[in-house]
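To start, the structure itself, in structure tokens.
The values are calculated or read from the model by the stated rules, or taken from the named source; none is laboratory data. Keep in mind that what you see is a predicted model, and the values were worked out from it rather than measured. Note: ideal-geometry Cβ built from the backbone for every residue, glycine included; neighbour counts use all protein chains shown.
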Amino acid sequence: MKPDLHLTAKYDVSLPLVHLPAKRKSDKWLKMLPATFLLLLCCAAAQAQDPEIKAISSPTIKTQDTTIRKIVEELQRITDNDKQNSTAIQALLQGKEIDNISKYELIKNNIVNASETYYLLNKKIIDLKSRTTTNNLDVFITSLNNPESKALGFSLSDRIVELVEKIILKNKGEKNEKNSKIVESTKSIINSPIFQSFTSLTPPLAIANSVMNFLHSVSVNNKQINQKSLQEFEKELNKYVVYYTALNDANQKFEYGLNFNKDQLSLLQDNLYDHLSFTATSMKFPAPQKSNQSLSQTMNEYFFDFKKEKVVDYFNQLETKYAKGKRIDYESLLRENPNLKEVNNQLEDLVLQTKRYENLYNEYFTLLDSYYSKVNNSLKIAQDNGLADKSIIDNKQAEFRNLKTEAVSEIQASINIRELYSNTEKIKYRYRIF
């Protein structure tokens, strides 16, 4: 059998040269790849070729890439924290700026409103101090207490002379010289200039007391004036004395109350002067100067210059001074003008002064109510003692009620306490600035 020439190696024939493939440039970067990365590529290729390999999940292999990832994550976290801190700082700065603006606006509004409150409180103190009642009411009371007046249908002077003639002299006043002298002496006592100088308080009581003393002294030497006559005369005279005593008590208590009210108003005005002086000095305004004139006059003159408009202008100049472009440096303004904070924090005392005035204002009307009640009581005594008819007393009580209502309305309209209330409420003294 012949050998197959195709299968038989020909040793004498040289093998063709094998041309090795040229190295590609990509080989260089392949060598630079980490072994782990190449292994992953091989696994991925195997999974693509073999379905069974795809089903097998590759285990997580921790290498240097995990460290790099952690470093990147840490850098990202630091960057995020920086952003958050920056945002927080900006918010704090903005909040501080808003806080300074709020503080300044509060101080400004409080002091501007306080300047108007100073003026109003002083004006209303002076007005209330000048009040007693009203002219019409004063005339009414004076007429009731005047021994010559016939406001209730009788004159005390005439009634005393009538009682002397009727009870002491038994209607024999013109029959002898002694009796005539007693009548003339009684009239002389009544018309004494001493008693005529009394206009509102005690002339009737003083006259009645003087006449009684005179008759007791005359009775010592005049047998016709006996003890029984004196007692009867005194009993009838006491009906008038009780009426005038009640009226006099009403007048005295009202006058005492008014004087006390005025003293308290004067003390309040002194405190207002001190507070205003502190505020003016702190803001570099000239303070009110006391002199020989009254404090009311001093204060009135001071308010010709210290006005709300001047205070507003003061703050406008302050804002111009601390302006930086379109904004105002409120932080520097507050820091370099601490006096403004102190003025603001002292405004609580001014508000308390207005409340004290309100109390005195209300006390005045309480006094007036009490006075009205006491005068009406004295008129009732006159009616009960038969000194005047009921119709006359009723008319006088109605007249007095109308005069009192008129006086209250006039004083309320003149002082206008609501004006002071509304202005004081604008001062937010509860918010103290530190």
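With respect to Leu267, determine if the residue is of a type in the set (A, V, I, L, M), over 22 Å from Phe154 (Cβ atoms), out of contact with any Cys (no Cβ under 9 Å at 6 or more places or on another chain) and without any contact (Cβ under 8 Å) to a residue 24 or more places away in the chain. So Leu267 passes the test.
Please state which of the following conditions Ser115 fails to meet, knowing it meets all the rest: (1) modelled with pLDDT of 85 or more; (2) under 44 Å from the mean Cα position of the chain (by Cα); (3) surrounded by fewer than 19 Cβ atoms within 10 Å (Cβ to Cβ). Failed condition: (3).
Scanning region 319-338 for residues being within 28 Å of Asn271 (Cβ to Cβ) and surrounded by 14 or more Cβ atoms within 10 Å (Cβ to Cβ) gives a total of 1.
Within this structure, Lys253 passes the test of being under 30 Å from Ala382 (Cβ atoms) and not hydroxyl-bearing (Ser, Thr, Tyr). Among the residues of region 365-398, those that are surrounded by 19 or more Cβ atoms within 10 Å (Cβ to Cβ) and aromatic (Phe, Trp, Tyr) comprise Tyr371, Tyr372.
Filter region 207-223 for residues that are at pLDDT below 85 and in contact with a helix residue (DSSP H, G or I) (Cβ under 8 Å, 6 or more places away or on another chain) and give the result. Listed by number, the list holds a single entry, Asn222. Between a residue in region 140-158 that is in contact (Cβ under 8 Å) with a residue 12 or more places away in the chain and any residue that is surrounded by fewer than 17 Cβ atoms within 10 Å (Cβ to Cβ) and in a helix (DSSP H, G or I), which pairs come within a Cβ distance under 6 Å, given they are 6 or more apart or on different chains? Sorted first by the residue in region 140-158, then by its partner, the pairs are Ala151/Ser143. Considering each residue of region 132-151, count those that are part of a loop (DSSP other than H, G, I, E, B) and closer than 18 Å to Ala208 by Cα, and give that number. Within region 132-151, residues that are part of a loop (DSSP other than H, G, I, E, B) and closer than 18 Å to Ala208 by Cα number 5.
Within region 168-198, the residues that satisfy the criterion of being within 56 Å of the chain's Cα centre (by Cα) and either hydroxyl-bearing (Ser, Thr, Tyr) or modelled with pLDDT of 90 or more (or both) are Ser192, Ser197.
The set of residues in region 343-353 that are closer than 14 Å to Lys428 by Cα and either at pLDDT 95 or above or in a helix (DSSP H, G or I) (or both) comprises Val343, Asn344, Asn345, Leu347, Glu348, Asp349, Leu350, Val351, Leu352. One residue alone among Lys124, Lys103 is within 30 Å of Tyr421 (Cα to Cα) and either modelled with pLDDT of 95 or more or of a type in the set (Asp, Glu) (or both), and that residue is Lys124.
Which of the following residues is under 30 Å from Leu272 (Cβ atoms) and in contact (Cβ under 8 Å) with a residue 12 or more places away in the chain: Tyr357, Tyr372, Tyr330?
Tyr357
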